[in-house]
Amino acid sequence: MKKTFFLLCALLLVLGTLLPIAGYRLTLAVFGPAQGASSDPLPDTAASEAAPDSAVVPPSDQDSESFLLADQSAGAVVSVPRREYLIGAVAAEMPISWPDEALKAQAIAAHSYALYCRDHAAEPASGWLSVDPVRRQGYLTDAVLRSYWGTAYEENYARLSALVDSALTDVLYYDNAPAGTSYFAISNGMTEASENVWGTALPYLVAVDSSADLNADNYLYTVQFTTEQMQQALAGLGLLPDPAAPASWFGEAALTPSGYVASLPVCGQSVTGPALRKALGLRSACFTVQYQEGSFLLTTKGYGHGVGLSQWGAKALAEQGQSAEEILAHYFPGTELRR
């Protein structure tokens, strides 16, 4: 009887470890790998869009051989070896055609940011970061990479894995702990201070020049909302626009020192730029609003939250001959790169 009981326990233990993996494979089978490659970065992924929770444990100065990721499509927490995660994270964030030093800077930023999230997560066992490989957000699995790169897979993988290997143990530190090295696609020409987006000031997440971003593809981008669409979006913020006076819905914006919208009057209430960006699905919190002929035109500058490493800026600096270490020192002043 005891022997049967122990065998049953062992069987349940094995099934418990295999079910999350089976669920992940089933998700891939249903949705299939993401199709098509983009020449643009994939900004504002789940890995870098939101600030981690406040620290609940003392920050660690230790690296990790594996990273815990909350896979949104699989609905499971997966443990991914460090090298595999960094390859997949860089591939999700930057085109493989970009300069070596920009890709290395992205790898180090992703590495450092993941460790920072580990140290500041309320429940690290629930995953340090949220990713969605099926939708190419935050991290790409090898299966997704094969579909993403197609016939160029072998060549691209060899190049990217070599770059990651050259910086595999590199971590950006501040005050003897991994730094929260957030990243995004394109600034408005200046990066943004963290307190203006997430409410918490960090000494290395401050405004720095990134004027090369003005030459980025789709730096300026305009979207149009009908009056009805805008009314519905604002209702989601708890606002009650007057249908008879849409031209008066928006007031004059107050800007941060970097030129992003800090707040603006909307239907008689003050709304922060980041909150309105989220509600309207805007590319950036640096935007203007214009009403004409029954429609709202919103023009944004840049793409992303604006805090930390500008990926397009990293590309430009790498093309100017700067190293990954120099790029990171520019975007995260006061940090130290440790190998």
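The values are calculated or read from the model by the stated rules, or taken from the named source; none is laboratory data. Small disclaimer: the values here were computed from a predicted structure and weren't measured. Positions of Cβ are backbone-derived with ideal geometry, glycine not excepted, and every protein chain shown enters the neighbour counts. Note: accessible area is taken over every heavy atom of the protein model, side chains too, but ligands, DNA and RNA are not part of it. Shrake-Rupley method; radii C 1.70, N 1.55, O 1.52, S 1.80 Å.
The number of residues in region 289-333 being polar (S, T, N, Q), open to solvent by 10 Å² or more (accessible area, probe 1.4 Å) and either touching a residue at least 24 places away in the same chain (Cβ under 8 Å) or not in a strand (DSSP E or B) (or both) comes to 5. Just to be sure before I move on: is S112 hydroxyl-bearing (S, T, Y), open to solvent by less than 10 Å² (accessible area, probe 1.4 Å) and either assigned to a helix (DSSP H, G or I) or at pLDDT below 95 (or both) in the structure I sent? Taking the combined requirement at face value, the residue satisfies it. Checking the structure you have, find out if any residue of region 174-190 is over 29 Å from P95 (Cα atoms) and modelled with pLDDT under 95. Yes, there is a match, as at least one residue in region 174-190 is over 29 Å from P95 (Cα atoms) and modelled with pLDDT under 95. Within region 130-144, the set of residues being aliphatic (A, V, I, L, M), closer than 29 Å to H120 by Cβ and part of a helix (DSSP H, G or I) comprises V134, V144. Annotation: of all residues in region 115-150 being of a type in the set (A, V, I, L, M, F, W, C), farther than 17 Å from D63 by Cα and surrounded by fewer than 24 Cβ atoms within 10 Å (Cβ to Cβ), the one that is nearest to the chain's Cα centre (by Cα) is V134.
Among the criteria (1) at pLDDT 95 or above; (2) within 25 Å of G306 (Cβ to Cβ); (3) surrounded by 15 or more Cβ atoms within 10 Å (Cβ to Cβ), the one S97 does not fulfil is (3). Of everything in region 228-287, what is small (G, A, S), open to solvent by 40 Å² or more (accessible area, probe 1.4 Å), over 18 Å from W198 (Cα atoms) and outside any loop (DSSP other than H, G, I, E, B)? Give them in sequence order. Selection gives A235, A247, S248. Every condition in (1) under 29 Å from L317 (Cα atoms); (2) buried (at least 17 other Cβ atoms within 10 Å of the Cβ) holds for V80 except the one numbered (1).
Residues in region 186-204: is at least one crowded, with 19+ Cβ neighbours inside 10 Å, assigned to a strand (DSSP E or B), hydrophobic (A, V, I, L, M, F, W, C) and touching a strand residue (DSSP E or B) at 6+ places or on another chain (Cβ under 9 Å)? Yes: one or more hits. Considering region 158-176, the residues that are in a strand (DSSP E or B) and open to solvent by 10 Å² or more (accessible area, probe 1.4 Å) include one that is farthest from L86 (Cα to Cα), namely Y174. No other residue among V90, V57 is modelled with pLDDT under 95, among the β-branched types (V, I, T), out of contact with any Phe, Trp or Tyr (no Cβ under 8 Å at 6 or more places or on another chain) and under 23 Å from T335 (Cβ atoms) apart from V57. Residue pairs whose Cβ atoms lie under 6 Å apart, separated by 6 or more positions or on different chains, with the first residue in region 59-88 and touching a residue at least 60 places away in the same chain (Cβ under 8 Å) and more than 16 Å from A162 (Cα to Cα) and the second open to solvent by 50 Å² or more (accessible area, probe 1.4 Å) and β-branched (V, I, T), are L68/V77; A70/V77. Could you list all residues from region 153-180 that are of a type in the set (G, A, S) and free of Cβ contacts under 8 Å to residues at least 12 places away in the same chain? Those that are of a type in the set (G, A, S) and free of Cβ contacts under 8 Å to residues at least 12 places away in the same chain: A158, A162.
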